[in-house]
Structures are given as C-alpha cells and as structure tokens.
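A short write-up of the structure that comes next.
The values are calculated or read from the model by the stated rules, or taken from the named source; none is laboratory data. Bear in mind that the values here come from a model prediction, so they are computed numbers and not experimental data. With ideal geometry, Cβ positions are generated from the backbone for all residues, glycine too; neighbour counts draw on all protein chains shown.
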Amino acid sequence: MNSCVVLDGKAFAEKNKAELSKKVSKLKNDLGRSPSLAAILVGDDPASATYVAMKEKACKEIGIKTSTHEKNESCTTEELLSLIDELNADKTIDGILLQHPVPKHIDEIKCFNRINLSKDVDGVTTEGFGNLSMGLSAFGSCTPLGIMRLLKEYNVVCEGKLALVVGRSQILGKPMVSMLLNANATTITAHSKSKDLDGLLAIADIVVAAVGIPNFIDCKKLKKGSVLIDAGYHPDEKCGDVDMNGITEIVSAYTPVPGGVGPMTINTLMYNTILSMEKSNNG
Ligand code: NAP
C-alpha cells in the first residue's frame, strides 16, 4: 500500500498559534505593548473585505493588535501614499498590509513600494523581493513563506530536488521560486507561455501549483512519489488548481484544499508581524 502524507496546514497553523501567542505575551512584557498590524482596504470588493476580516480575527485571537484603514473606491494614489506614510511613521505599528487588489486607477506597485521595508510583513515591496532573491534578510511573501514553513514542519527536504512552480505572479510564483532556490532546490518556473507542461510535471520532485485555474493540473500527470503543493483555492468549485482524483496513489505528500496552503498564509502574516516587532525592539 502507498503511504501518502497529508501536509495539513490547518493543523499546523492551529498548533503554531500557541507558540505565536507566547511570543506576543513576551513582547508585551518586555516592551510594554503588543505587536500591531495595520490593514488598508480600498474600495468595496467583498472578497477583499472578507480576507481582511479573516486576518484581523486571526490576529486578535493571539493578541496582535489590528486596525483597518478603509478608503473608498475613489481614493487616489496620492491619498493612499499619504496614509502609508503616516503608518510608516507610527512607531507603534509593526506591519502594514495593503490588501490586493486596489482599484485599477491606483498605482498599486508604487503604493506597495512606499511601505517601509521594516514593516513589509506581507512581503510585497520590490526591495524586499530583491533582498529575498539575493538570499538577504526580508519578510517573505506570506503564501510562499507559509508553504516553506509547512514543508519544514513535515521534514520535506528541498535540497537537490527538482522543484517546478507553475505560475509566476509577484506575490506567489516568483518568490516561491526564490525560496525554493534558497533552499537549494533546482527550480523550474512554468507559466502561460511554457511548452510541454506535462513533460515538466512528469519529472518534478516537488510541484507547486499557483495558476488560479480550477482543477488545471491532473494529478495523474505527476511523478510517482513527488510532493504536491496546491496553492489554488476556488470556493465556488470547492477545489484548488489540481484535480486531486486518485492523489494518494501517486504522490508521497500533498496539501489538501481547503486546509493546506490557505491557513498557512494567515499564520505567516502573524508570524512576520511578530518578527517585525522583535527585530525593531520598538516599545
Ligand atoms: P495570478 O497572478 O493570476 O498568476 C497566475 C499564474 O499562472 C501566471 O503567472 C500565469 O502565467 C500562470 N498561468 C496561467 N495560465 C497558465 C497555463 N495555461 N499554464 C501555465 N501557467 C499558467 O495568480 P496568483 O495570485 O499567483 O494565484 C494563483 C492561485 O493561488 C490562485 O488560485 C489564488 O487564488 C491562489 N492563492 C492562494 C492564496 C492562499 O492564501 N491560499 C494566496 C494567494 C493566491 P503568465 O504569467 O504567463 O500569465
């Protein structure tokens, strides 16, 4: 019988909350205040509002202070930049989260890049990404860093493995490749213009699916014994980017959807916010 491990992000995130909570208490004792995260929500996209509410709820559960700064749809780039400046200057704020996407008329990259590197707990700045790529200190983007933390928790070795990341977005695919490379994997990035994806799936030891298309990859195309990370989540279809039918017969380990990558993203945002206060020592 095949043995197949479920990389249970939900269970790990739940277990890790106690550890994060202890760190929050220690910071409060040592520096006289709790870590704090400022979230910026622009416009009225219901999905974004839900994501911010979920992040706030998780933070509150472990004692991280949160504040949400809501701006209406007509907010300009300049107005958003000036709010980010205020939050950058506030010594009692450790992390700034600008919820993506902002309305199209706003220069999102310019706003991301205005976030002070020391408060970029969502890992969205160009400088942070550059540092990460160079193997220097930076807050990793939360979803790929969450994936790396989950792999570590389950002792999945990346060194020397052939890792295929399907997707090259700024927040997920590209930083994922950098992190896997930093962990000494041999990396391949596939995207919409790549040829012979099936051939790549057949040889990769680790596959990260970050495509954004429901059931896009048929798990039967994966190499026997490989490790599958499915970062996709499609609530309407109740599935990820991989068709998991028969998965336990093929891979040695995989992330379920839901309950795999998603809970790790929120947990990692809290992890980074705490780390930010620990690094800055700002009471
Ligand atoms: P994205 O910005 O839409 O990027 C999708 C990537 O997939 C692009 O790089 C695109 O290539 C590539 N792609 C599209 N069609 C392809 C094809 N036929 N073959 C190979 N590659 C193809 O998406 P994202 O923000 O990275 O998100 C990806 C998935 O992860 C989504 O399902 C999203 O919901 C999920 N996600 C989950 C979390 C979480 O916390 N669980 C967080 C973030 C994202 P091009 O660059 O060539 O267009």
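Scan region 233-262 residue by residue and report those that are of a type in the set (S, T, N, Q) and closer than 18 Å to L151 by Cα.
Within region 233-262, T248, S252, T255 qualify.
Scan region 138-158 residue by residue and report those that are assigned to a loop (DSSP other than H, G, I, E, B) and without any contact (Cβ under 8 Å) to a residue 40 or more places away in the chain.
Matches in region 138-158: A138, S141, N155, V157.
Looking at G135 and the list (1) part of a loop (DSSP other than H, G, I, E, B); (2) in the same structural domain as N72 (by TED's automatic domain parsing); (3) without any contact (Cβ under 8 Å) to a residue 60 or more places away in the chain, which single condition is not satisfied?
G135 satisfies every listed condition except (2).
Name every residue in region 189-213 that is outside any helix (DSSP H, G or I), surrounded by 17 or more Cβ atoms within 10 Å (Cβ to Cβ) and more than 6 Å from the ligand (Cβ to nearest atom), in order of residue number.
T189, A204, D205, I206, V207, V208, A209
Which of the residues that make up region 222-249 are more than 11 Å from the ligand (Cβ to nearest atom) and in contact (Cβ under 8 Å) with a residue 60 or more places away in the chain?
Across region 222-249, the qualifying residues are V227, I247, T248, E249.
Can you work out which of the residues in region 59-80 that are among the β-branched types (V, I, T) and farther than 17 Å from G95 by Cβ is nearest to the chain's Cα centre (by Cα)?
T77
Check S133 against each of (1) more than 16 Å from the ligand (Cβ to nearest atom); (2) under 24 Å from L200 (Cβ atoms); (3) at pLDDT 95 or above and name the one condition it does not meet.
Answer for S133: the failing condition is (3).
Here's a check for you: in region 172-188, which residue that is surrounded by fewer than 20 Cβ atoms within 10 Å (Cβ to Cβ) and β-branched (V, I, T) is nearest to the ligand (Cβ to nearest atom)?
I188
Out of region 99-130, which residues are away from the ligand (no atom under 16 Å from the Cβ), of a type outside the set (V, I, T) and without any contact (Cβ under 8 Å) to a residue 40 or more places away in the chain?
H105, D107, K110, C111, N113, R114, N116, L117, D120, E127, G128, G130
Yes/no per residue for (1) outside any helix (DSSP H, G or I); (2) under 19 Å from N116 (Cβ atoms):
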| residue | (1), (2) |
| --- | --- |
| S34 | yes, no |
| I40 | yes, yes |
| D44 | yes, no |
| A49 | no, no |
| E56 | no, no |
| K60 | no, no |
| G63 | yes, no |
| T66 | yes, yes |
| H69 | yes, yes |
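When region 252-283 is examined, which residues are found to be surrounded by fewer than 23 Cβ atoms within 10 Å (Cβ to Cβ), over 20 Å from I115 (Cβ atoms), at pLDDT 95 or above and more than 9 Å from the ligand (Cβ to nearest atom)?
Result: S252, A253, P256, G259.
For K23, all conditions in the list (1) exposed (fewer than 15 other Cβ atoms within 10 Å of the Cβ); (2) under 16 Å from E278 (Cα atoms) hold save one; what is the number of the exception?
Looking at each condition in turn, K23 falls short on (1).
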